[in-house]
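Below is one structure, written out as structure tokens; the observations come after it.
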Amino acid sequence: MNNMPITKKTWGKIPHYAFAILWLVILGLLFSFREILAPFIGAVLIAYLFAPLVEILSRIEIPRIRFQMPRWTATVLIYSALGTLLWTYGMLAVPKIGSEVTKLTKEAEKLVASLTPEKIEEYAQEVKNWVDVHDLPVHIITTRPPENEEVKPGSFVINLNEVVKKSVFEFSDAVRGNFFAFVNLGQKFVVNTFRNVLMTFLIFMVAAFLLSKPERIFGFFRSMLPARLHDGYQEVLKEIDRGLAGVVRGQVIICLVNGVLTFIGLAIIGVKFPVILSSLAAVMSLIPIFGSILSSVPIVAVGLTDGFGTGLGVLVWIIGIHLVEANLLNPKIMGESARIHPVLVIFALVAGEHFYGMVGALFAVPITSVGLAFFKVFHNQAIRWNQERCMDKTAESQSNP
């Protein structure tokens, strides 16, 4: 079979598809290495998070000596300040967290040992009395024979004794079954810790490169488009910035506020382990919706160990934080333009967790925000094209009656 020669006519068609071919090559490479993209996506988000601070510092001028701070110097200063804050937090919080973990372990042992039938009966009776006082449609069954108690029609029946026994049995069985695996985690823990430290350093190093020379990145992608699409490229960048400003920067601020308010509430109510629980609430808040729910469960559970009233008070405080977050912080910090419909957020979180686990859930909403930016720009352009087409048809019909 003879090879077909490449004629001038064939070469003449390539310029029409040159940009499309280049984009297919880039997308193909990204798809091939999709399993290792998470650190680089994290670096992009970190660079975007600190970009406004770098811009502010790089604009500072000292007229007398004609000095203007370079971007790399501003990046180093921001990293130094961040490292100082993390070191200060570590010095203040890590010893406290260590003591709380030790105390938590002892409390867990005491709790499991104290769950005698008599103690379960006491807890069940307290819950039952509270339900009866508030006349709730719930019927609690304790160790007493259920036939001696009157069940209201339409009430939910909860056999608290069976629930507690089953939970304790499953917990004990899980501990016994995973004991040897837990013992063998020592070596893996050291390896994973070293790997995570190295990966964190890599992420911040890549973010520093992006912060120092962002114009090269934007210029490269701009050069990958024909001249007629440069205006659309700028429009996409504006939409991405508008969306990520809320999803990334706004969410980080809300996480810090959530952690501080949680710590204040736990300290006022007197709940044990406030540093661990508030830190958990702050970190888990990085994942919208599900993160706040997951972090609330252990906080309320720890509060319940001090009594039903304490647990209820903690639950009310957490609900209050989420109401303030939803009605005050989200609109003010994130802005209306950065908000994504909750159904789309849930879909993105479920899809991200399904394909890439917790890492996918963490990056799902920012990536969705970027995808929405492209969709909005193309949708607006499609509307303009349709309007122009309708105007052309109207003008043509008027010229040819």
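How large is ³J(HN,Hα), in whole Hz, for each residue of segment 373-390 in order, when computed from phi with the Karplus curve 6.51 cos²θ - 1.76 cosθ + 1.60 and θ = phi - 60°, using x for Gly and Pro?
After applying 6.51 cos²θ - 1.76 cosθ + 1.60, I find 4, 4, 5, 4, 5, 5, 5, 5, 5, 4, 5, 5, 4, 5, 5, 5, 5, 5 Hz.
Sequence-distant or interchain residues sharing an amide H contact under 5 Å with residue 37, placed H: which?
Long-range HN contacts for residue 37: none found.
Suppose each label sits 7 Å from its Cα in the direction of the beta carbon; what would the residue 129-residue 344 distance come out to in nanometres?
Each label point lies 7 Å from its Cα, and together they span 5.2 nm.
³J(HN,Hα) across segment 31-43 via Karplus (A = 6.51, B = -1.76, C = 1.60, θ = phi - 60°), whole Hz, x for Gly/Pro?
Values, residue by residue: 5, 5, 10, 5, 6, 10, 7, 3, x, 6, 5, x, 5 Hz.
Per-residue accessible area for residue 343 at 1.4 Å probe radius, Å² rounded to 10?
Taking all protein chains as shown, residue 343 has close to 100 Å².
Could you estimate the translational diffusion coefficient of segment 219-310 from the Stokes-Einstein equation, with Rh from the Kirkwood formula over C-alpha pairs, at 4 °C and 1.567 mPa s, in whole µm²/s? Each step should come with its number before you reach the end.
Numbers: Rh = 15.8 Å.
Estimated via Stokes-Einstein, D reaches 82 µm²/s.
Counting only the backbone N, which residues of segment 216-238 are under 16 Å from the spot 7 Å out from the Cα of residue 389 toward its beta-carbon?
none
Segment 197-276: which GluC sites (Glu not before Pro) are DSSP loop and have at most 15 other beta-carbon atoms within 10 angstrom? Mind dumping the intermediate values first?
Numbers: sites: 215, 235, 239; in loops: none.
Of the GluC sites (Glu not before Pro), not one in the loops of segment 197-276 has a Cβ with at most 15 other Cβ atoms within 10 Å.
Which value in nm describes the separation of the simple spin-label points at residue 241 and residue 209, placed 7 Å from the Cα toward the beta carbon?
Modelled inter-label distance: 2.4 nm.
For residue 122 paired with residue 26, estimate the spin-label separation in nm (one decimal), with each label point 7 Å from Cα along the Cα-to-Cβ line.
6.7 nm
The values are calculated or read from the model by the stated rules, or taken from the named source; none is laboratory data. Note that this is a predicted model, so its numbers are computed, not measured. Every residue, glycine among them, receives a Cβ derived from its backbone with ideal geometry; neighbour counts consider all protein chains shown. Heavy atoms of the whole protein, side chains included, go into the accessibility calculation; ligands, DNA and RNA do not. Shrake-Rupley method; radii C 1.70, N 1.55, O 1.52, S 1.80 Å.
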